[in-house]
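Worksheet: the structure to be examined is printed underneath.
Just so you know, all these numbers are worked out from the coordinates, no wet-lab data involved. Quick caveat: nothing in here was measured; it's all calculated off a predicted structure. Neighbour counts are summed over all protein chains in view; Cβ atoms, including those assigned to glycine, are modelled from backbone coordinates with ideal geometry.
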Ligand code: F6R
């Protein structure tokens, strides 16, 4: 595992975007695994700049997103589909037919998850998976538990995750209680993993995840076992890590 320290959020966003850009340049028809949340916003802005400069072509790129809230439609401004469209896809030349997000409107979890697993398989797996990290160590919406679910599954979001995400909703009662998420095996099978983290509030979990034991109670800790995992984080997020 490689840990790259950036001085602040802007620098980490540039470093992360450069890694993703090099993936797209080296393999123009690559499969990108994408994340939502606050962490990747700067990275996506940088990628849009790369595209606007004429230095990056997404026309043959395929994407699979990590997760989606169960019950939200694509046009709901809190859905992850909406997030991806507005923060990245509509600004670049990716073919929307090549973008994939779990179907939050499918009420039957088994159908939604098996369809998404089939999509991931049909694109041939993930070349580079971008991840954020939750305060409880979740990656995607794989919450701390006694075991790691392998494939796409429906999760009951933990109170801490609902609390962390309420900032995006009118009230905490509006935060969906369930989500569909890619499983740990799928994430671990990505050829490359890039995890980004920013801010002092992430410092304790960064220490636990990357310097503590590998345990499903800290789902991100399993990335210590990935053969090609890069962590890009700012000084504040790494402030409790001995580097
Ligand atoms: C988002 C996702 C989550 C976030 C995590 C961190 O698709 O899967 O695991 O990456 O909750 O969120 P932020 O970046 O908002 O701190």
remark   = Computed over the chain, the relative contact order (Cα-Cα under 8 Å, seq sep at least six) in percent reads 25
DSSP bridge orientation in the chain - percent antiparallel, rounded to nearest 5 = 30
inquiry  = How large is the Rg to Rh ratio of segment 25-138 when both quantities use alpha carbon positions and Rh follows Kirkwood?
reply    = 0.96
ask   = Do the sum for the chain: with -39,500 (n - 2.57) for every DSSP H run of n ≥ 4, divided by all residues, what is the mean residue ellipticity at 222 nm, to the nearest 500 deg cm²/dmol?
value = -9000 deg cm²/dmol
ask   = Quick one: what do you get for segment 72-131 if you divide its Cα Rg by 2.2 N^0.38 Å?
value = 1.19
message = Please compute the length gained on full extension between residue 22 and residue 78, using 0.36 nm multiplied by the number of residues separating them and subtracting their Cα-Cα distance.
response = 17.1 nm
query = Once fully extended, how much extra length lies between residue 207 and residue 55, figured as 0.36 nm per residue of separation less the alpha-carbon to alpha-carbon distance?
reply = 51.1 nm
ask   = What nm value, rounded to one decimal, do you get for the distance between residue 87 and residue 160 when each label is placed 7 Å out toward the C-beta?
value = 2.1
query = When the Cα centres of segment 81-125 and segment 177-243 are compared, how far apart do they sit, in Å?
reply = 23
key: Label-to-label distance, nm, for residues given as residue 121 and residue 171 (7 Å Cα→Cβ offset)   = 4.4
Order by protection proxy (mean Cβ within 10 Å, highest first), peptides 230-238, 113-121 = 230-238, 113-121
ask   = D for segment 85-196, whole µm²/s, Stokes-Einstein with Kirkwood Rh over alpha-carbon pairs at 4 °C and 1.567 mPa s: what number?
value = 84
note = Gyration tensor (Cα only) of the chain to equivalent ellipsoid, semi-axes in Å sorted down, yields 23, 23, 18
message = Using the alpha carbons of segment 175-243, what is the convex hull volume per residue in cubic angstrom, as a whole number?
response = 110
query = If the chain between residue 96 and residue 135 were fully stretched, how many nm would it gain, using 0.36 nm times the residue separation less the Cα-Cα distance?
reply = 10.9 nm
